[in-house]
Amino acid sequence: MIDLLDAPDHVAAVRFVDALTGADFDQLTREIEARLARHGQVGIVADLTELRSVTPAALAKDIRYNVAKLGHWRQFPREAVVTQRAWIAAVTKALDPLVPQVAVRAFEPEALADAIAWAGDFIPAP
């Protein structure tokens, strides 16, 4: 399940709860695409503190969506991951330099508001 979090319109902030399903991922991509249509670029906040599992259907849809966005990563200038798990924060830090067009940063759960503010703090590309 996903919960859309209160955030500026140019930020897609989502809390993942329990299991992420294919239907959840469809809802998420509709939300992201609607914001992209309005703004051209969108900051992303993924709160993973309550995520327990990802179904195979959601994983497949995630892979397809990300492959479709290859070459369009500038649409997502900042991506914040909210987690209490050290290994997820470490993977996030390791991924940051791999895609120079996207800044990726991990935040502790108590810093959710900071994550949302950081994800939305970018100058839109021309």
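Give the order of His39, His10 when sorted by the count of other beta carbons within 10 angstrom, beginning with the fewest.
His39, His10
How large is the charge dipole for the range 1-97, taken about the Cα centre, if only the Cβ atoms of Lys, Arg (+1) and Asp, Glu (-1) carry charge, to the nearest 20 debye?
Around 360 debye, computed over the range 1-97.
Return the sequence-ordered ³J(HN,Hα) values of the range 18-30 in whole Hz as given by the Karplus equation 6.51 cos²θ - 1.76 cosθ + 1.60 applied to θ = phi - 60°, using x for Gly and Pro.
With the stated coefficients, the range 18-30 comes to 6, 9, 8, 9, x, 5, 4, 5, 4, 4, 4, 5, 4 Hz.
Before anything else, pin down the relative contact order of the range 2-119: Cα pairs under 8 Å, at least 6 apart, normalised by residue count, whole percent. Intermediate results must be reported in sequence, preceding the final value.
On the way: 209 pairs, mean separation 30.2, N = 118.
Averaging sequence separation for qualifying contacts and normalising by length gives 26 percent for the range 2-119.
Picking from Tyr65, Thr21, Thr55, whose Cα lies most toward the positive end of the charge dipole for the chain (charges on Cβ: Lys, Arg +1; Asp, Glu -1)?
Value computed over the given set: Tyr65.
Calculate the dipole size of the range 63-103 relative to its Cα centre from +1 charges on Lys and Arg beta carbons and -1 charges on Asp and Glu beta carbons; express the result in debye to the nearest 20.
Details: 6 positive and 2 negative charges, 19 e Å.
The calculation lands at about 100 debye.
Ala90 versus Ala60, label points 7 Å from Cα toward the beta carbon: distance in nm?
Rounded to a tenth, the inter-label distance reads 3.2 nm.
Beyond 27 Å, what percent of the Cα pairs of the chain remain? Present the calculation step by step, with values, prior to reporting the outcome.
On the way: 697 of 7875 pairs.
In whole percent, the share of Cα-Cα pairs in the chain beyond 27 Å is 9.
Using the per-residue mean of other Cβ atoms lying within 10 Å as a proxy for protection, in what order, highest first, do the peptides 59-71, 18-30, 83-95 fall?
Ranked from most to least packed, the peptides come out as 18-30, 83-95, 59-71.
Taken together, the values in this text are just the output of simple stated rules run on the coordinates, not laboratory data. For clarity, every value in this text was computed on a predicted model and none was experimentally measured. Glycine also receives a Cβ, built like all others from the backbone with ideal geometry; neighbour counts cover every protein chain displayed.
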